[in-house]
Every structure is written in C-alpha cells, then in structure tokens.
Amino acid sequence: MRLINIGFGNMISSARLVTIVSPDSAPIKRIVQDARDRGRLIDATYGRRTRAVIVMDSDHVILSAIQPETIAARLAGAAAPAAEAEEEAEDEA
C-alpha cells in the first residue's frame, strides 16, 4: 500500500484512488455538494482554496489545496519504486 501526500501532512492510499480532478466545472461542484450532503466529504484544505478534488473508491470525496498535477506527479513517483521492485523480483526469478 502506497500513501500519497495531498498536502499539510494528509495522506491517501493510492490503491483506493479513483480520480483527481480540478474543482472548476459544474459537474465536479455537484459531486462535491452531493458528497457534503451525504456526509462523505473530507476537507483537507485547511481553509485554503480548493485546487483538487479526489474521488475515492469508497465514495468519499476529498478536497485538497494542492494542484492535481502535483498530486499526479507524487502518485507517479510512488508508483515508480513499486515497478522497479517488481522488475528486480522478475530478474531474480
């Protein structure tokens, strides 16, 4: 299980991540409002402007003050060591 920093020391599991999107469009705003109404919204912005909306497979929606591109780069960085470990294991077999 890989954890990804979404800002201010908050982490999410990369295995449970469905999507990372910008909060600007109307459909995403509806997703955020629906999650708020159902009690499934997690605000990890610490009062700052929301720059990314993260949808998890558990139907939770997480707000982050970090750009989606930054979170995606952190996700790619977390995935790279796992791929390298798999390649090393295959080489040993």
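The values are calculated or read from the model by the stated rules, or taken from the named source; none is laboratory data. Given the structure is predicted, the values throughout are model-derived calculations rather than measurements. All Cβ positions, even for glycine, are placed from backbone atoms using ideal geometry, and neighbour counts span all protein chains on display.
Worth pointing out:
- Considering residues of the stretch 1-46 that are loosely packed, with under 11 Cβ neighbours inside 10 Å and without any contact (Cβ under 8 Å) to a residue 12 or more places away in the chain only, the residue nearest to the chain's Cα centre (by Cα): Gly9
- Residue within the stretch 47-55 that is at pLDDT 95 or above and surrounded by fewer than 11 Cβ atoms within 10 Å (Cβ to Cβ) present: yes
- A count restricted to the stretch 56-69 and to residues that are touching a residue at least 12 places away in the same chain (Cβ under 8 Å) and within 14 Å of Ile4 (Cβ to Cβ) stands at 6.
- The number of residues in the stretch 60-93 that are modelled with pLDDT under 60 and either small (Gly, Ala, Ser) or crowded, with 17+ Cβ neighbours inside 10 Å (or both) comes to 5.
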